[in-house]
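What follows is calculated from the coordinates using simple rules that are stated; it is not laboratory data. Bear in mind that the values here come from a model prediction, so they are computed numbers and not experimental data. For neighbour counting, all protein chains shown are included, and Cβ atoms are generated from backbone atoms with ideal geometry for every residue, glycine included.
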Amino acid sequence: MKSLKLTAILAAIAIILYGLYGVNTASAQKSMTLKMGHGHSIQHPDHLGLVKFKELLQTRTNGRIKVEIFPSAQLGSEQEMCEQAKIGTITGLIGARFEEMSPKLYATSLPFLFRDYDHTEKVLKGPIGNYYASFTEEHDLKMLAWTHSGFRQITNNVRPISKPEDLKGIKIRTPPLENVLKTMEAFGASPTPIPYAEVYTALKTGVVDGQENPYVNIFTGKFYEVQKYLSEVNYIYIASPFIVGLKWWKSLSPQDQVIINTAALEAADLVNQLVRTEDLKAKETIAKAGVKINELTSAERSAFIAKVNPVYDYFIKKGIVTEKTIKEIQNIQ
């Protein structure tokens, strides 16, 4: 609720500032077009969030600030889009490429760290989330908001996955993220990093046996069309930061920073609401398509949880997170 109040306050400030500086001195205000990218289809919550971002900015500035949206990795991979945002070739993106944004973000995406979406929002919209978001500035980027990518499930064409041992010998496509790679290795799988845009083809042609993604990605990416089994493990949550280039951000007037940041926060709220609701819809559609879904029991899930201590140790030793912070996150109610 605090975050919603903050968003409302920022929106009111933005409107007042625009009334003072935007309308009355329109000729002195800089017109601009923001170039935003993401790696998903136009049905994905990330795209719909950016559409709202576009509409809010164009309405609140009488068209002075425009937004162009490039879906489906049209601007390149998430890694490439991050690099482009740093040098100003594009404005920004919604994505989860932590190596380029800041390895410190891995602290918010450890296996079985969060209980549910309510828990993640309390953490990421609070002091801990703000603290970790600030590290993107050390990498020439500015995080405007956290958005849900979602809790991740495992699909494959070999067998149902009910225990870690079931993953032995199965080649699983993963994003090139250390938290996912290390966790899959801890489970005993054979992780294979492949760009998101190539996942469907890799599954269809048998380059990999399976993949892991949130329900909404499995649905919008149509991965369920080329997979037989889905195991609902909810093994890891990954956020997708709403990111812009830091140099570009610093070039803006304070008024425009408020207007753009407010719109980004509201767009992120829409993405997060959609991911929550679309998870269930996606699950139903995937099941109707013939994919066999097995929901793990508490005991079965506990067997997976027991395997991830080495992943926590790895990120603690790297200085990404401390045991104290992990406990603080887990204890937030």
Whichever aspartates and glutamates have a C-alpha closer than 14 Å to that of residue 288, once near sequence neighbours (fewer than 8 apart) are set aside
225
Selection from 191, 302, 129, by position along the positive dipole direction of the chain (Cβ)
129
For the table 66/125; 35/142; 142/247; 142/250, the rows whose alpha-carbon distance is greater than 20 Å are 66/125
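Using the Cα centre of the chain as the reference point, and only Cβ charges (+1 on K/R, -1 on D/E), how large is the resulting charge dipole? Debye, rounded to the nearest 20.
Values: 39 positive and 34 negative charges, 57 e Å.
Its charge dipole is roughly 280 debye.
Highest first, please rank the peptides 52-58, 276-282, 95-101 by the mean number of other Cβ atoms sitting within 10 Å of their residues.
Numbers: 52-58: 19.4, 276-282: 16.1, 95-101: 22.6.
For the peptides 52-58, 276-282, 95-101, the packing ranking is 95-101, 52-58, 276-282.
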Within the P(r) computed for the chain, what percentage of the Cα pairs occupies the region above 31 Å?
32
With point charges of +1 on the Cβ of Lys and Arg and -1 on the Cβ of Asp and Glu, referenced to the Cα centre of the chain, which listed residue (255, 96, 329) lies farthest in the positive direction of the dipole?
255
Per-residue ellipticity at 222 nm attributable to helices in the chain (runs of n ≥ 4 DSSP H, -39500 (n - 2.57) apiece, nearest 500 deg cm²/dmol) works out to -13500 deg cm²/dmol
Against the longest principal axis of the chain, how steep is helix 178-187, in degrees 0 to 90 to the nearest 10, with axes from Cα atoms?
20
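Compute the Rg to Rh ratio over region 246-286 from the alpha carbon atoms, using the Kirkwood formula for Rh, and round to two decimal places.
Values: Rg = 16.0 Å, Rh = 12.3 Å.
So for region 246-286, dividing Rg by the Kirkwood Rh gives 1.30.
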